[in-house]
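Sending over a structure as structure tokens; questions will come in a sec.
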Amino acid sequence: QVQLEESGGGLVQAGGSLRLSCAASGGTFSMYTMGWFRQAPGKEREFVAAISWGGISTYYADSVKGRFTISRDNAKNTVYLQMNSLKPEDTAVYYCAAGRGGIVSIRNYGVDYWGKGNLVTVSS
């Protein structure tokens, strides 16, 4: 059983930056593809970004491409999401996710473990 705990969310002005972290425990972190999803008020949860187990491959939703960067440190069992040039429409609860499949699987909601979520609010 893998536990995921997000941190780093908060309130930021439009154009600003935040870095989310997700610490994993209880499993072999390096075996999992990791991803970030988000859910805005009144909307369905959507895929944001994913990274392969070795960190070589990444994939982003079109809405965040060029602004967000996903990375991982397998020695620290942690995955990150660097968010730059934030927009009010980025406001959402951000969830960390771990999947045993690859990037194609996790971006199609092939998730084995979810974090509890972390709120990011971008003010205009």
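The values are calculated or read from the model by the stated rules, or taken from the named source; none is laboratory data. The structure presented is a predicted model; accordingly, all values stated were derived computationally and were not measured. Cβ atoms come from the backbone with ideal geometry, glycine included; neighbour counts cover every protein chain shown. Remember, those area values only see protein heavy atoms, side chains included, never the ligands or the DNA or RNA. Shrake-Rupley method; radii C 1.70, N 1.55, O 1.52, S 1.80 Å.
Name the residues in the stretch 94-112 that are surrounded by 18 or more Cβ atoms within 10 Å (Cβ to Cβ) and out of contact with any helix residue (DSSP H, G or I) (no Cβ under 9 Å at 6 or more places or on another chain), would you?
Scanning the stretch 94-112 gives Tyr94, Tyr95, Cys96, Ile103, Ile106, Arg107.
Would you confirm, using the coordinates I've provided, whether Ser85 is surrounded by fewer than 20 Cβ atoms within 10 Å (Cβ to Cβ), over 15 Å from Gly117 (Cα atoms), in contact with a strand residue (DSSP E or B) (Cβ under 7 Å, 6 or more places away or on another chain) and at pLDDT 95 or above?
Judged against the criteria, Ser85 is not a match.
I would also like to ask the following. Can you find a residue that is out of contact with any strand residue (DSSP E or B) (no Cβ under 6 Å at 6 or more places or on another chain), among the charged types (D, E, K, R) and farther than 21 Å from Val2 by Cβ anywhere in the stretch 63-71?
yes
Looking only at the stretch 64-80, how many residues end up being among the small types (Gly, Ala, Ser) and open to solvent by 60 Å² or more (accessible area, probe 1.4 Å)?
Looking only at that region, the number is 2.
Taking only pairs six or more apart or across chains, which ones have beta-carbon atoms under 9 Å, a first residue in the stretch 52-80 that is closer than 16 Å to Phe37 by Cβ, and a second residue that is surrounded by fewer than 18 Cβ atoms within 10 Å (Cβ to Cβ) and acidic (Asp, Glu)?
Ala61/Glu46; Ser63/Glu46; Ser63/Glu89; Val79/Asp73; Tyr80/Asp73
Report, by residue number, each residue of the stretch 106-124 that is farther than 13 Å from Phe37 by Cβ and in contact with a Ser or Thr (Cβ under 7 Å, 6 or more places away or on another chain).
Thr121, Val122
If you take just the strands (runs of 3 or more DSSP E) that sit entirely in the stretch 1-57, which of them hold at least 2 residues that are among the aromatic types (Phe, Trp, Tyr), at pLDDT below 95 and open to solvent by 60 Å² or more (accessible area, probe 1.4 Å)?
Here the list is empty.
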